[in-house]
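Structure first, commentary second.
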Amino acid sequence: MEFDTKAIRIGHHRTNEGEHSEAIFTTSSYVFQNAAEAAARFAEGRGNIYSRFTNPTVRAFEERLAALEGGARCVASGSGMAAILSTGLALLKSGDHIIVSQSIFGASVALFDQYFQNLGIQVTFVPLTDIAAWEQAIQSNTKMFYLETPSNPLAEIGDIPALAALTRRIGAYLVVDNCFCTPALQQPLALGADIVIHSASKYLDGQGRVIGGAVVGHPEPMDAVYRFLRTAGTTLSPFHAWIFLKGLETLSLRMQAHSAAALTLATWLEQQPGVAKVFYPFLESHPQQTLAKAQQTAGGGIVSFIVEGGQERAWQVIDNCQIFSITANLGDTKSTITHPYTTTHARVSVEKKAAAGIVPGLIRLSVGLEDIKDLRADLYRGLTAKS
Ligand SMILES: *Cc1c(COP(=O)(O)O)cnc(C)c1O
């Protein structure tokens, strides 16, 4: 089956009711025919037992997303952060070392830097694009590399095959958060990653409604992640799984539309007076455009740009847009506009922000599915505002 057929058909096991759309199973437990069957299910850990770790709607979402990522198995979780936590605690122990890209989601930085270090897991942060820095950071106890590509908000590209060559050499896991591309645009497992992380709250839902996450990968690490989730209860709700199932059905159409609109806006922004720099993977001016095009089939929906005039000017642009919503969320049909310096990266020190290129004039867009003419007019209104 091709990608779009899988996105619509995989994972639906129709019941005797003959329902055409997937059912939502709202039950915490399941009835066994007799005591022997109950014993067998617990012994084998197979079949429906209890919805903390077995639910048919959640399983349908897991089967579908596994098929789209090209992974043997998917384990869904209650949020993207729960997916990262479950992966880390399932596969790492005190005394292990992990190497993490500096350019990852803020809460992920805090999870590794604070809580994992508290548990005795050593963490080294390195620049995403500097392969030599990843290699130099390797220790005898390095068990995992962790990254997002493209990065948020500056659209740096992590070279997945090059990093996979390093992790394979030392027998470590290569974990890629594929939130920004989704499998519709990039399939990290095929490029050499071992595990893919998702915040399903973003593009997999696609309409900004619910929180959820997922981990996809090869059987051996996924079995460990599943056993952790069964024990710790980082579970996805069947209601949310159903929303994500519906979201996956339109995923590739949406990602193509987000990407086309984002490329149009990024190209247009580069020509606007008062715009100093634009960050988008598929722009000719992007220093890693060739790598981006080798790994991704399109650029995705996130565009960032720096305006001349610093924070004051950036806030003016943001406040004068009338369609773009001022919110830090992304991956929605509704376009959003953010000032990373004072919101998503507010907790990061001024020095670290400077080192990471998060400057006061930076604005991040998540380009939604409104008409591109309206979005361009809205940004023009912001860019030409006098106060
Ligand atoms: C939002 C996000 C997360 C966290 O996901 P939640 O569903 O909000 O817990 C992780 N990684 C990336 C790249 C994100 O954008």
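Would you mind finding the one in Phe112, Phe105 that is more than 22 Å from Gln187 (Cα to Cα) and within 16 Å of the ligand (Cβ to nearest atom)?
Result of the check over Phe112, Phe105: Phe112.
Does Asp159 qualify as being over 21 Å from His258 (Cβ atoms), in contact (Cβ under 8 Å) with a residue 60 or more places away in the chain and either out of contact with any His (no Cβ under 8 Å at 6 or more places or on another chain) or within 11 Å of the ligand (Cβ to nearest atom) (or both)? Before the answer, list the steps.
Values: over 21 Å from His258 (Cβ atoms): yes; in contact (Cβ under 8 Å) with a residue 60 or more places away in the chain: yes; either out of contact with any His (no Cβ under 8 Å at 6 or more places or on another chain) or within 11 Å of the ligand (Cβ to nearest atom) (or both): yes.
Yes: the conditions hold for Asp159.
Between Ala232, Ala294, Ala261, which is aliphatic (A, V, I, L, M), open to solvent by 60 Å² or more (accessible area, probe 1.4 Å) and over 19 Å from Ala385 (Cα atoms)? Walk me through it before giving the result.
Working: Ala232 fails: open to solvent by 60 Å² or more (accessible area, probe 1.4 Å); Ala261 fails: open to solvent by 60 Å² or more (accessible area, probe 1.4 Å).
Testing whether each residue is aliphatic (A, V, I, L, M), open to solvent by 60 Å² or more (accessible area, probe 1.4 Å) and over 19 Å from Ala385 (Cα atoms) leaves just Ala294.
Has the range 3-14 got any residue that is aromatic (Phe, Trp, Tyr) and open to solvent by 50 Å² or more (accessible area, probe 1.4 Å)?
no
Pairs please, first residue from the range 88-113 and over 13 Å from Thr124 (Cα atoms), second anywhere and open to solvent by 40 Å² or more (accessible area, probe 1.4 Å) and assigned to a helix (DSSP H, G or I), Cβ atoms under 6 Å, 6+ apart in sequence or on different chains.
Leu89/Phe228; Ala90/Phe228; Ala107/Met81
Which pairs turn up if I take residues in the range 32-45 that are within 23 Å of Asp223 (Cβ to Cβ) and look for partners that are open to solvent by less than 60 Å² (accessible area, probe 1.4 Å) and outside any helix (DSSP H, G or I) with beta carbon separation below 7 Å, at least 6 apart in sequence or on another chain?
Final answer for the pair search is Ala38/Phe32; Arg41/Phe32; Arg41/Gly47; Arg41/Ile49; Phe42/Ile49.
Quick check: is even one residue across the range 216-239 in a helix (DSSP H, G or I) and within 12 Å of the ligand (Cβ to nearest atom)?
Scanning the range 216-239 turns up no residue that is in a helix (DSSP H, G or I) and within 12 Å of the ligand (Cβ to nearest atom).
Among (1) surrounded by 15 or more Cβ atoms within 10 Å (Cβ to Cβ); (2) within 18 Å of Ala260 (Cβ to Cβ), there is one condition Asp374 misses while meeting the rest; what is its number?
Against the list (1) surrounded by 15 or more Cβ atoms within 10 Å (Cβ to Cβ); (2) within 18 Å of Ala260 (Cβ to Cβ), Asp374 comes up short only on (1).
Among Ser259, Ser285, which is the only one that is under 22 Å from Gly158 (Cβ atoms), among the hydroxyl-bearing types (Ser, Thr, Tyr) and not in a helix (DSSP H, G or I)?
When all the criteria are applied, what remains is Ser285.
Quick check: is even one residue across the range 266-275 closer than 16 Å to Ser77 by Cα, of a type in the set (Gly, Ala, Ser) and either within 16 Å of the ligand (Cβ to nearest atom) or assigned to a helix (DSSP H, G or I) (or both)?
No, the range 266-275 contains no residue that is closer than 16 Å to Ser77 by Cα, of a type in the set (Gly, Ala, Ser) and either within 16 Å of the ligand (Cβ to nearest atom) or assigned to a helix (DSSP H, G or I) (or both).
Is there a residue in the range 297-311 that is farther than 26 Å from Leu128 by Cα and among the β-branched types (Val, Ile, Thr)?
no
The values are calculated or read from the model by the stated rules, or taken from the named source; none is laboratory data. Keep in mind that this is a model prediction, so the values were computed, not measured. Backbone-built Cβ (ideal geometry, glycine too); neighbour counts: all protein chains shown. Each accessible area value is taken on the protein alone, full model and side chains, heavy atoms only, with ligands, DNA and RNA left out. Shrake-Rupley method; radii C 1.70, N 1.55, O 1.52, S 1.80 Å.
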